[in-house]
């Protein structure tokens, strides 16, 4: 009963996102995310519970491990609980569903801690996972994170090949949808918005937000929709870090060095 | 062509190649993911904050291991192997690399070392009076700083952070002040590492030190050789294994060496000990970067030698000395 209520609450709070396409989002009642998000590195802020929004009854989900093997995920209503990670590195959660003349897919990448898989993360992103797929190019580095005010590049593939001149929509909780178009290589770049509210000083005091990329492509009568969701963090340089003061400190240090030069030159002259 | 063929010329080519690899390598040779790095434990200041870098320095994993693993010995009663395995792998990798190239990681491969040398070259060409050698007294005062940085910023503070006695900002304090973090990221066009943090007193102090130190290092490098290298905590780490290094500096002084001090004057780290009498002895000092200048500027046949295992790679000679001095005069104008 409690879970049904939570799912209902979560569904209502995110109502209207994704243009009806399925997408992954951390489950609201997973406290692990808030605790883990206080630190960077492997497994940073990763939830163990995810909800598949807008999902149909026939949706299926699987987890692709860093060594590219796959495990099926089982839904309880629209929620999946991830198993304990058997290895460290990037994981991809993939959900797929169909309806009359339509296919839906959703992808989300996670970094989880464990013994290294010894397989290059590039292989996970390069692996075709769904017919229509938004691919991070590259995915942020293991110890890094998607950050507001920074730009990131993605590729759009259909049946493993670049899809050109296609619209992709970026949505976040606090910024209206923006549309990007893929170039002749099927690539597009987005700048994540600085749209955090009630910001506290210190990165660990602020929970990551979520961004959602949605795209669709019609192939004959069949409509394909695909999404990619990932967390993103605020950029300290937008708030409590000053780059201007940083440049000023470098300049002061430089002047200090020149003063030393002047003194040593004087000393050398005086013998 | 032969006139320009010197150890220093060869070193510059190697340094430039290493700089490109360590600062931009992920764009050319490998992917930028941590999992794809060559070693993740280089005994040279190639920074992990540089997302386009080819590999990164041993100090960042070491600090993280102190913070997240070694500290669990005190907080979670973790098993010794569980707590120390990561550190042992990092130190083992460093030991293996030192065995192969010893301290040449500093003089031949470190991007920050090359950056400082490039600035010194600019200072020379700008006509700034070069400070020659620092006095023995000054050198002796500076030397303990690198041990302080290694023991406190690389080992102790991260452990205390892991235990919970210090704030999170002290989890990797050396990286927070390291000039290589600012230099390598700026070289790739990423200016995000230049900042003053107002998050709390600790972050503020570390960011202020980092930026000021970076500016100071650039200004000092215009007229002093290797200003940051003299306090770099990589040196103590290398020192732990320098005895096993196959590449080494061997002095065979006996009657040939007349203690002319040319070697000390040529040494960018002002190691006065290399002029001491030694008979066929490994004189690779803790501060030595194996740059080879002392071998080039020694006017006596066979006194200073670069050796790799039993092989002599390069020896000092009258001819070599004449050639090197001539080039030096030409360079300094």
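The values are calculated or read from the model by the stated rules, or taken from the named source; none is laboratory data. Please read all numbers here as calculations on a predicted model, not as lab measurements. Every residue, glycine as well, gets a Cβ built from its backbone with ideal geometry; the counts of neighbours run over all protein chains shown.
When you go through B:323, B:307 one by one, which is the residue that is more than 19 Å from the chain's Cα centre (by Cα), assigned to a strand (DSSP E or B) and outside the structural domain of residue B:124 (by TED's automatic domain parsing)?
One residue alone meets the criteria, B:307.
Specify which of the listed residues (B:182, B:209) is buried (at least 21 other Cβ atoms within 10 Å of the Cβ) and facing another protein chain (nearest Cβ under 10 Å).
It is B:182.
Sort through B:285, B:256 and tell me the only one that's part of a loop (DSSP other than H, G, I, E, B) and at pLDDT 95 or above.
Just a single option satisfies the conditions, and that option is B:285.
Does residue B:165 meet the test of being surrounded by 16 or more Cβ atoms within 10 Å (Cβ to Cβ), more than 14 Å from chain A (Cβ to nearest Cβ) and closer than 24 Å to residue B:66 by Cα?
Against the criterion (surrounded by 16 or more Cβ atoms within 10 Å (Cβ to Cβ), more than 14 Å from chain A (Cβ to nearest Cβ) and closer than 24 Å to residue B:66 by Cα), residue B:165 does not qualify.
Taking region B:279-327 only, how many residues are surrounded by 15 or more Cβ atoms within 10 Å (Cβ to Cβ) and without any contact (Cβ under 8 Å) to a residue 12 or more places away in the chain?
Count: 0.
Given (1) part of a loop (DSSP other than H, G, I, E, B); (2) surrounded by fewer than 20 Cβ atoms within 10 Å (Cβ to Cβ); (3) free of Cβ contacts under 8 Å to residues at least 60 places away in the same chain, where does residue A:244 come up short, assuming only one miss?
Failing condition for residue A:244: (1).
Check region B:139-157 and report whether any residue there is surrounded by fewer than 22 Cβ atoms within 10 Å (Cβ to Cβ) and within 14 Å of another protein chain (Cβ to nearest Cβ).
Yes, some residue in region B:139-157 is surrounded by fewer than 22 Cβ atoms within 10 Å (Cβ to Cβ) and within 14 Å of another protein chain (Cβ to nearest Cβ).
Conditions first: (1) at the interface with chain B (Cβ under 10 Å from one of its Cβ atoms); (2) free of Cβ contacts under 8 Å to residues at least 40 places away in the same chain. Residue A:235 passes all but one, so which condition is the exception?
Unmet for residue A:235, out of (1) at the interface with chain B (Cβ under 10 Å from one of its Cβ atoms); (2) free of Cβ contacts under 8 Å to residues at least 40 places away in the same chain: (2).
Output the number of residues of region B:212-237 satisfying the condition of being more than 7 Å from every other protein chain (Cβ to nearest Cβ), farther than 20 Å from residue B:147 by Cβ and part of a helix (DSSP H, G or I).
1
Please go through region B:153-173 and pick out each residue that is over 16 Å from residue B:201 (Cα atoms) and in a helix (DSSP H, G or I). Full working, then the answer.
Keep residues of region B:153-173 that are over 16 Å from residue B:201 (Cα atoms), which gives B:153-156, B:158-160, B:162-164.
Matches in region B:153-173: B:153, B:154, B:155, B:156, B:158, B:159, B:160, B:162, B:163.
Is it fair to say residue B:107 is part of a helix (DSSP H, G or I) and either in contact with a strand residue (DSSP E or B) (Cβ under 9 Å, 6 or more places away or on another chain) or within 14 Å of chain A (Cβ to nearest Cβ) (or both)?
Criteria not met by residue B:107.
Look through region A:88-111, keep the residues that are in contact with a strand residue (DSSP E or B) (Cβ under 6 Å, 6 or more places away or on another chain) and under 14 Å from residue B:34 (Cα atoms), and return whichever of them is modelled with the highest pLDDT. Explain how you work it out, then say what you get.
Of the residues in region A:88-111, the ones in contact with a strand residue (DSSP E or B) (Cβ under 6 Å, 6 or more places away or on another chain) are A:88, A:90-97, A:101-111.
Retained after the next criterion (residues that are under 14 Å from residue B:34 (Cα atoms)): A:88, A:90, A:111.
On the way: A:88: 90, A:90: 94, A:111: 89.
Filtering first and then ranking leaves A:90.
Sort through A:266, A:225 and tell me the only one that's more than 7 Å from chain B (Cβ to nearest Cβ), out of contact with any helix residue (DSSP H, G or I) (no Cβ under 9 Å at 6 or more places or on another chain) and more than 30 Å from residue A:198 (Cβ to Cβ).
A:266
Mind counting the residues in region B:284-301 that are within 16 Å of residue B:324 (Cα to Cα) and in contact with a strand residue (DSSP E or B) (Cβ under 8 Å, 6 or more places away or on another chain)? Give the steps one after another, and end with the answer.
Going residue by residue through region B:284-301, those that are within 16 Å of residue B:324 (Cα to Cα) are B:291-301.
Now restrict to residues that are in contact with a strand residue (DSSP E or B) (Cβ under 8 Å, 6 or more places away or on another chain): B:292, B:294-295, B:298, B:301.
Number satisfying all stated conditions: 5.
Answer with yes or no whether residue A:70 is under 24 Å from residue A:223 (Cβ atoms) and more than 14 Å from chain B (Cβ to nearest Cβ). Full working, then the answer.
Values: under 24 Å from residue A:223 (Cβ atoms): no; more than 14 Å from chain B (Cβ to nearest Cβ): yes.
So residue A:70 fails the test.
What's the number of the condition residue A:57 fails, among (1) modelled with pLDDT of 90 or more; (2) assigned to a loop (DSSP other than H, G, I, E, B)?
With respect to (1) modelled with pLDDT of 90 or more; (2) assigned to a loop (DSSP other than H, G, I, E, B), residue A:57 is out only on (1).
Taking the residues in region A:116-147 that are within 13 Å of chain B (Cβ to nearest Cβ), out of contact with any strand residue (DSSP E or B) (no Cβ under 6 Å at 6 or more places or on another chain) and assigned to a loop (DSSP other than H, G, I, E, B) as candidates, determine which candidate is surrounded by the fewest Cβ atoms within 10 Å (Cβ to Cβ).
A:118
Select, from B:134, B:128, the only residue that is surrounded by fewer than 16 Cβ atoms within 10 Å (Cβ to Cβ) and within 14 Å of another protein chain (Cβ to nearest Cβ).
None of the other options fit; the residue is B:128.
Give the residue, chosen from A:186, A:202, A:253, that is surrounded by 17 or more Cβ atoms within 10 Å (Cβ to Cβ), farther than 23 Å from residue A:148 by Cα and within 14 Å of chain B (Cβ to nearest Cβ). First the steps, then the outcome.
Values: A:186 fails: within 14 Å of chain B (Cβ to nearest Cβ); A:202 fails: farther than 23 Å from residue A:148 by Cα.
Result: A:253 is the single residue among A:186, A:202, A:253 that is surrounded by 17 or more Cβ atoms within 10 Å (Cβ to Cβ), farther than 23 Å from residue A:148 by Cα and within 14 Å of chain B (Cβ to nearest Cβ).
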